[in-house]
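Read the figures in this text as sums done on the coordinates, not as results from a lab. Everything numeric here is computed off the predicted structure, so don't read it as measured data. We place every Cβ from the backbone using ideal geometry, glycine too, and count neighbours over all the protein chains shown.
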Amino acid sequence: MPLLEIIQLKKKYLTPSGHEQLVLDVPSFSMQAGQQVALSGESGSGKTTFLHVVAGILPADTGSVLLNERDVQGMPEPMRDQLRANHIGYIFQTFNLLQGYTCLENVLLGMSFGPGVDRPYALQLLKRVGMEHCRDYYPRQLSTGQQQRIAVARALANRPSLVLADEPTGNLDTKHAAEALALIRATCRENEAALLLVSHDQMILKAFGACHDFSNFNKANTGEAKA
């Protein structure tokens, strides 16, 4: 069985004029454990909404998101939150690091809602992403590239089976984007986590052996969607 299987997934939003706008219409999508897949698509094509629905952050209107054969969309919100805390790592485009906490504390917080705090493992992750020496720094004291590395470590803190990455190199220059992508992919491989990444950066997408145009399997008319 696939690690992730999506069946007849649909999501609508209300436009400012009060009309329903179909953002997602994905008949089928699947990933195997350990697989790394990139989705390409322009801004507004629904990629972020898709990741949020897969993660259980947003509810779908209809359809199923099966993670290890468990239907994320069929769960009440508290169960979705717990499933995400235990099995999904999320790398946000803007990193979403907590500015009032140190780098180490950000990683520890990533553990606290899932399997529990494991300080030695948190330090191991920081070392793996080359940031052990900055464990007591605050995010504001780091460069953009360094913050990206902390975000990667935090996303892996709960030992997820699936990592979702939303334009994870969007705030980086070409050199640091390539380095960040290599880091994300290598760290996922080391942790045997599947990786689903969305981007519109062609340089990043070319690095993947399996790259899919999101518009090919999202049948929605997303002309007004901002996701």
- Message: Can you compute the modelled spin-label distance between Gln82 and Tyr101, with each label point 7 Å from Cα toward Cβ, in nm?
- Response: 2.1 nm
- Note on the structure: Subtracting the Cα-Cα distance of Lys175 and Ser112 from 0.36 nm times their residue separation yields 19.3 nm
- Please turn the phi angles of the range 32-39 into ³J(HN,Hα) values with the Karplus equation 6.51 cos²θ - 1.76 cosθ + 1.60 (θ = phi - 60°), one per residue in order, whole Hz, x for glycine and proline. 8, 4, x, 6, 10, 10, 10, 10
- Task: Treat the chain as a sphere of radius equal to its Kirkwood radius over Cα pairs and apply Stokes-Einstein at 20 °C in a medium of 1.002 mPa s; give the translational diffusion coefficient in µm²/s, rounded to a whole number.
- Result: 120 µm²/s
- Message: Per DSSP helix of 4 or more residues, -39500 (n - 2.57); summed, then divided by the residues of the chain. What does that give at 222 nm, rounded to the nearest 500?
- Response: -10000 deg cm²/dmol
- Query: For the chain, the longest stretch holding no chymotrypsin sites (Phe, Trp or Tyr not before Pro) located in a DSSP loop with at most 16 other Cβ atoms within 10 Å is which?
  - Reply: 1-100
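Under the 0.36 nm per residue contour assumption, what length would be gained going from the current alpha-carbon distance of Ala182 and Asp213 to full extension?
Using 0.36 nm per residue and subtracting the Cα-Cα distance, I get 9.0 nm.
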- Item | Convex hull volume per residue in cubic angstrom - Cα atoms of the range 93-227 | 131 Å³
- Query: How big is the range 83-128 by Rg and Dmax over its Cα atoms, in Å?
  - Reply: 10.7, 27
- Message: Starting from the Kirkwood Rh over alpha-carbon pairs, what translational D in µm² s⁻¹ does the range 1-79 have by Stokes-Einstein at 10 °C and 1.306 mPa s?
- Response: 119 µm²/s
- Note on the structure: Spelling it out for Gly34: with amide H atoms placed in the peptide plane at 1.01 Å from N, the residues 5 or more places away or on another chain with amide H under 5 Å from its amide H are Ala194
- Query: In Å, the Kirkwood hydrodynamic radius of the range 51-132 over pairs of distinct alpha carbons?
  - Reply: 14.2 Å
- Partner lysines for Lys175 [C-alpha distance under 18 Å; skip if fewer than 8 residues away on the same chain]: Lys206
- For the range 36-125, which GluC sites (Glu not before Pro) are both in a DSSP coil and crowded by at most 14 other Cβ atoms within 10 Å? Glu42, Glu69
- Message: Expected output is a single nm value to one decimal: the length gained when fully extending between Met1 and Asn68, i.e. 0.36 nm times separation in residues minus the C-alpha distance. What is it?
- Response: 23.3 nm
- Message: If R₀ is 30 angstrom, what is the calculated FRET efficiency for the pair Leu14 and Thr144, using the beta carbon separation as r and rounding to 0.05?
- Response: 0.30
- Beta bridges per DSSP with both ends in the chain, % antiparallel, nearest 5: 50 percent
